[in-house]
Amino acid sequence: MKKVKFPLILVFSFLLSACSSSFMYNNIDWLLYWYVDDYVDLSSDQKAALDKHIVAWQHWHRSTELEKYQTQLKSLRIKLESGPLNEKQWLSEFEQAQQHLNRFRSKVAPELAGLAELLSAEQVEALLVAWSKKRQERQSESEKRTEEERLIRREERLAEFIEDNVGRLTQQQTDIVSYYALKFITTTNGRTEYQTTLQNVVRDIFAHRDKPEFTPRLVALISDPDQYKTSQYKAESAHNARLHAQMLAELNLSFTHKQKLTLDTQLEELINLIDDLVSD
């Protein structure tokens, strides 16, 4: 299920995860339950309430958002046909992708906060415990790797994602990926701190669920969780985003005719997939 290997490269992580296949998109309800079940057991009444919102969210997304994704993909395809994109252009594509995600968060936040009010104190605690456990497991996994292993893993994931979209890399392109992989900042500590902060904020919000500010605070959290990232974590993420853009710009200059055709075909397939999803 984990389609996207690295955030914000080549096309758009949110777009790909939202509509990487018609099967996933049209069965988002049970996929969501599969994910939620890892954190909290919902009652039949809670599932029924969530079902109604999922149907409404998907209708909104299908009728308004997919067209925006398609517009961006068509525009990107035209730009690439005209010539390689530079760093600034790739960063603009990343920003558009982020806006897709921001709109989604803003849309679901009020209703998701309303659904959260249905959770019992025991369910909230179980959710926080499961969340903390998963975070600790990921952190433990990361800490087991040496710096050399992390670098190898980063190179492999970058190369794999790019090859998935343009085909086999040349030696020159492999060298470009290796060069940039060395320059990325590891954000594991920042991400861990961010996740810990979010958990503490959620715990505090639910500890005051009888207060009038409960719902507004929860809506604000869901709409903009990034507000709880440290300035250092934001700076490191921005640094890595710029490196992604620089790397793509340099790779873009080196694409062979065959690779350009492969990428164009990938974009065309995504555009056509969105047509199918809209008409379903």
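The values are calculated or read from the model by the stated rules, or taken from the named source; none is laboratory data. Predicted model, so just to flag it, every value in this text is computed and none were measured. Positions of Cβ are backbone-derived with ideal geometry, glycine not excepted, and every protein chain shown enters the neighbour counts. With ligands, DNA and RNA removed, areas are computed over all heavy atoms of the protein, side chains included. Shrake-Rupley method; radii C 1.70, N 1.55, O 1.52, S 1.80 Å.
Details
- For the range 173-194, a tally of residues being open to solvent by 50 Å² or more (accessible area, probe 1.4 Å), at pLDDT 95 or above and in contact with a helix residue (DSSP H, G or I) (Cβ under 6 Å, 6 or more places away or on another chain) returns 1.
- Residue within the range 87-100 that is assigned to a helix (DSSP H, G or I), open to solvent by less than 40 Å² (accessible area, probe 1.4 Å), among the charged types (D, E, K, R) and modelled with pLDDT of 90 or more present: yes
- Criterion (part of a helix (DSSP H, G or I), more than 20 Å from the chain's Cα centre (by Cα) and closer than 26 Å to residue 188 by Cα) met by exactly one of 253, 263, 218, 243: 218
- Subset of the range 118-145 (residues that are farther than 20 Å from residue 194 by Cβ, exposed (fewer than 14 other Cβ atoms within 10 Å of the Cβ) and modelled with pLDDT of 90 or more): 118, 120, 121, 122
- Any chance residue 234 is assigned to a helix (DSSP H, G or I) and more than 30 Å from residue 125 (Cα to Cα): no
- Residue 197 open to solvent by 30 Å² or more (accessible area, probe 1.4 Å) and farther than 30 Å from residue 260 by Cα: yes
- The listed residue being of a type in the set (Gly, Ala, Ser), within 24 Å of residue 277 (Cβ to Cβ) and assigned to a helix (DSSP H, G or I), out of 126, 130, 56, 113: 56
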